[in-house]
Amino acid sequence: MSNTQETAGHKARDKRGKLIGFPGEGQGIIAVPHYIGDKAHLNAHGPKGAPGLYIVTFVLAKPNTRNLPENEIKFADALRGDSHLAITKPAVVVDIDPDQIDMSYKTASGAFLFHGYPNERGYLAKLISDPFFAGDRNVAERHASTAMQGLLSNLASQLDIPLIIEAVEVTEVATQAKSISFAAPFPSVSMAVKGAGTFNDPEFEHAVALYREALNSNTPVYRFLCFYKILEMSRKRRERLGRKYKSALKQTRPGEQIPLRDKNSMEKWLNALFYINRNWDDGVFDQIFIPEALGKKINNIFDSQLRPVRDKIAHGILDSGEFLLLDKTEDRQAVSKWLPLLRCLARRVMKNDFKEYLEFLNEDGTIEKANV
């Protein structure tokens, strides 16, 4: 970066298009047909769906690749899918010349049969369930996803290949209402960082490296641990500096209490952490400002909410005790629901702890003009 331009993007914030959910985190879209006449009764349950038969489709992708350009969202029929698992020709030639593979998997929720279909190169691209009964759309996705995660983990571990789910589509058989779950894309941004300086603080370097690792990962558990470690490192740093400097250290730490459910307060809190105007809407607010955190301080959230989740992850990997079942949808959701807020908390403590971080961004969300 050129040292002749210390800060770019110091003009008034540009209005951006609305985000489709919090960038990098789970999001979904539901398309619900509306019926009239003798089929009008099918409208009764709306997007949630009624008890009945559902089909769930899983679209696979290779690491660091996508089925569509980042800002395009389509349902499963329009997605190609890909993996490293060869199932038909031309990728692999076997005597029986199959055109698909069938795989079954049994969980506590029941037995599932999945049909695996190849892409044009012969590699496993999509897995589609047989119709099965579920109480509603969310239950169908949860039960099928738990089975699919277990099935793919079994295959990945034995074949030594990654098997990544990029999108999940749920179809209610009776109404043909479809939902698609995916990771929300990141927006394009303009340059707005300091162009020159010396960064020789190992803790700062470690914190920003953890943040980047989290953004680069598509694994919720790993992202959670990276962001959690930033908060943990901040706490230890503050304890160490507090002992060293005692009362002489009078560092102000704004924004470390989560606002209540007030649009202006939530928007102001976020604008102090993200330099572009992301045009926050209620959907993003719902993802970030979850009820368990409203009005609480970061340290309280860390101790009462985040540490128990982290301990369950650690016990499953490093120790004995109560642990998360990584392929169980409910346990994965327990991690994923904290990720949007946890990412914001990591930015908040880094901004308060390191003057180099977001130094161009004022607490009111305005940009500090460069001295050039």
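The values are calculated or read from the model by the stated rules, or taken from the named source; none is laboratory data. The shown structure was predicted, so the numbers you read here are calculated from the model rather than taken from an experiment. Note: ideal-geometry Cβ built from the backbone for every residue, glycine included; neighbour counts use all protein chains shown. The accessibility values were calculated without ligands, DNA or RNA, using every heavy atom of the protein model including side chains. Shrake-Rupley method; radii C 1.70, N 1.55, O 1.52, S 1.80 Å.
Values computed for the structure shown
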{"quantity": "Count of the stretch 5-36 residues which are within 26 Å of the chain's Cα centre (by Cα), of a type in the set (A, V, I, L, M, F, W, C) and modelled with pLDDT of 80 or more", "calculated": "5"}
{"quantity": "Where a residue in the stretch 250-271 is without any contact (Cβ under 8 Å) to a residue 60 or more places away in the chain and its partner, wherever it lies, is assigned to a helix (DSSP H, G or I) and surrounded by 13 or more Cβ atoms within 10 Å (Cβ to Cβ), with Cβ under 6 Å and at least six apart", "calculated": "P259/S265; P259/M266; P259/W269; M266/F285"}
{"quantity": "Within the stretch 344-362, considering residues that are part of a helix (DSSP H, G or I) and open to solvent by 10 Å² or more (accessible area, probe 1.4 Å), the one farthest from L294 (Cα to Cα)", "calculated": "D353"}
{"quantity": "Positions within the stretch 167-194 being over 21 Å from P33 (Cα atoms), in a loop (DSSP other than H, G, I, E, B) and open to solvent by 30 Å² or more (accessible area, probe 1.4 Å), in sequence order", "calculated": "F186, P187, S188, V189, S190, M191, V193, K194"}
{"quantity": "Hits in the stretch 49-93 - residues which are crowded, with 16+ Cβ neighbours inside 10 Å, closer than 29 Å to P187 by Cα and among the small types (G, A, S)", "calculated": "A61, A76, G81, S83"}
{"quantity": "Where G116 falls short, out of the listed (1) open to solvent by less than 20 Å² (accessible area, probe 1.4 Å); (2) over 27 Å from the mean Cα position of the chain (by Cα)", "calculated": "(2)"}
{"quantity": "Residue match in the stretch 318-327 (condition: modelled with pLDDT of 95 or more, in a helix (DSSP H, G or I) and open to solvent by 60 Å² or more (accessible area, probe 1.4 Å))", "calculated": "no"}
{"quantity": "Residue within the stretch 140-147 that is out of contact with any Lys or Arg (no Cβ under 7 Å at 6 or more places or on another chain), at pLDDT 95 or above, open to solvent by 50 Å² or more (accessible area, probe 1.4 Å) and among the hydrophobic types (A, V, I, L, M, F, W, C) present", "calculated": "no"}
{"quantity": "Subset of the stretch 29-48 [open to solvent by less than 60 Å² (accessible area, probe 1.4 Å), in contact (Cβ under 8 Å) with a residue 60 or more places away in the chain and of a type in the set (A, V, I, L, M)]", "calculated": "A31, L42"}
{"quantity": "Those residues of the stretch 94-109 which are modelled with pLDDT of 85 or more and either part of a strand (DSSP E or B) or open to solvent by 100 Å² or more (accessible area, probe 1.4 Å) (or both), in sequence order", "calculated": "D99, I101, D102, M103, S104, Y105, K106"}
{"quantity": "Index of the failed condition, K39 passing every other in (1) more than 30 Å from the chain's Cα centre (by Cα); (2) closer than 26 Å to G150 by Cβ", "calculated": "(2)"}
{"quantity": "Restricting the stretch 60-87 to residues that are out of contact with any Phe, Trp or Tyr (no Cβ under 9 Å at 6 or more places or on another chain) and either within 17 Å of Q100 (Cα to Cα) or hydrophobic (A, V, I, L, M, F, W, C) (or both), the residue that is modelled with the lowest pLDDT", "calculated": "L68"}
{"quantity": "Cβ pairs under 8 Å, 6+ apart, first in the stretch 291-313 and on the phi < 0 side of the Ramachandran plot and in a loop (DSSP other than H, G, I, E, B), second among the hydrophobic types (A, V, I, L, M, F, W, C) and open to solvent by less than 60 Å² (accessible area, probe 1.4 Å)", "calculated": "L294/I258; K296/I258"}
{"quantity": "Some residue of the stretch 130-137 being assigned to a helix (DSSP H, G or I), surrounded by fewer than 18 Cβ atoms within 10 Å (Cβ to Cβ) and under 24 Å from the mean Cα position of the chain (by Cα)", "calculated": "no"}
{"quantity": "Any hit, the stretch 155-166, residues being open to solvent by less than 50 Å² (accessible area, probe 1.4 Å), over 24 Å from the mean Cα position of the chain (by Cα) and in contact (Cβ under 8 Å) with a residue 60 or more places away in the chain", "calculated": "no"}
